[in-house]
Every structure is written in C-alpha cells, then in structure tokens.
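Coordinate-derived values only; no laboratory data. Computed from a prediction, not measured in an experiment: that's the story for all the values here. Don't worry about glycine lacking a Cβ; one is built from the backbone with ideal geometry, like all the others, and counts go over all protein chains shown.
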Amino acid sequence: MREGPDLGIIGMASRPRTESAGSAVLDERVLLERIKAQDVNAFERLYRIYQPRLARFLVTLVQRPQLVEEVLDDTMMVVWNTAGSFRGTSKLSTWIFAIAYRKALKARARWPDPAEDDALHERISEDRAPDEQLHDQRVHEALLQAMAQLSADHRAVVDLTYFHGMGYREIAEVVDCPVDTVKTRMFYARRRLKQALSGALADWI
C-alpha cells in the first residue's frame with residue numbers, strides 16, 4: 001500500500017477562491033515547500049487548487065470519465081512523494097501537468113478504447129454572467145466535440161492552449177517534445193478543428 005495523504009477525502013474538493021496570478025504562484029511555491037516537509041494540510045490545499053484544472057485536462061485526454069479521478073490522484077501522489085525533486089527551472093504548474101500527461105498516457109495504454117462522456121461539458125464552468133456562461137458553454141461543447149475527432153497528442157496541445165493558457169514552450173515541457181513539434185501538432189489540430197466547426201466558432205480557433 002502506498003504511503004501518503006488520504007486523497008479520497010479531497011478528491012471532490014470545490015473550486016478555490018480566485019487569486020491574482022502572481023500571488024497564486026507564490027502561494028503554490030510556499031505550499032510545495034511545506035509539502036516537502038510532509039505537511040498534509042498544505043498538500044490538501046494544493047490539491048484543491050489543481051483538482052479542477054487537472055480534471056478538465058484529463059477528461060479530455062483519457063476520454064474515460066471513470067479514470068479521471070484515478071489518474072488525478074496518481075498525479076498528486078507523485079507530487080507528494082517527489083516534491084523535493086522540483087528545482088524551479090519551470091513553472092510548478094508545468095511540472096504538475098507534465099506528471100499528469102505521463103500518467104494519462106499510461107492509463108490510455110491500459111484502456112485504449114475511449115468511452116463517450118455525455119456529462120463532459122457540465123464539468124466545465126466559470127463564474128461569469130449567465131449570458132457569458134451560455135456562450136462559453138456553447139463554444140466549449142462545440143470545441144470538445146470537435147476535439148474528440150483528434151488524436152490524443154493533438155487533443156493535449158489544444159486543451160493546454162485553449163483551456164489552460166499555456167504557451168508552446170510550456171506545452172513542450174508538459175508533453176516532453178520539441179517546441180517545433182508542438183507547433184506542428186497545433187497547426188494540424190487547428191486545421192482539423194476549423195473543418196469540424198462552422199461560422200463564428202471556426203473563426204474563434
């Protein structure tokens with residue numbers, strides 16, 4: 001049995017309070033330092049920060065909703081066990097997403113046939129005005145349906161770009177490939193998405 005915090009009690013944690021980008025990054029680094037000292041409370045807080053972001057990324061990548069929590073928990077267990085190996089040469093979020101990406105690939109290898117997730121769009125929500133939420137939901141649903149036609153590698157770069165705001169260099173670190181490869185994947189993915197989408201939604205890509 002693996003040692004570490006009880007992930008089960010925080011696996012469905014709610015969204016954390018909104019913080020400025022600078023203070024959030026600083027706060028995460030402080031939390032990681034405390035995690036290195038086996039501080040479970042700090043780990044639970046970091047888990048709550050990353051749970052919604054990782055869940056959205058993983059459900060797109062593995063396409064098996066029943067695996068998302070397992071992969072997410074495995075990812076955060078690696079963070080718990082190897083916090084001391086993070087040297088700060090990249091963003092903490094890049095390091096964590098890279099772990100999640102590798103775990104997701106292993107999960108896909110075990111379960112190669114994707115399962116359709118009818119409730120996928122329900123897990124993507126933002127605290128915005130009702131009319132903005134309706135527009136965002138329409139865009140998200142259309143984009144996710146189009147992304148389902150892409151390969152896992154192409155879905156990963158699209159998801160990290162549009163849903164997590166990462167640049168090509170960060171994405172290259174996450175998926176462990178050259179920046180030019182990321183650019184090429186994004187080029188072909190966008191072309192496929194524009195073909196799958198129509199009208200104003202195609203212009204959004």
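Taking 0.36 nm per residue of separation and subtracting the Cα-Cα distance, what length does fully extending residue 148 through residue 163 add? If you can, show how the numbers build up before the last one.
Numbers: separation 15, 0.36 × 15 = 5.40 nm, distance 1.50 nm.
Net length gain for the segment: 3.9 nm.
Treating r as the C-beta distance of residue 40 and residue 188 and R0 as 41 Å, the FRET efficiency rounds to 0.40. Given labels modelled 7 Å from the Cα in the Cβ direction, how far is it in nm from residue 27 to residue 181? Spacing of the two 7 Å Cα→Cβ label points: 3.5 nm.
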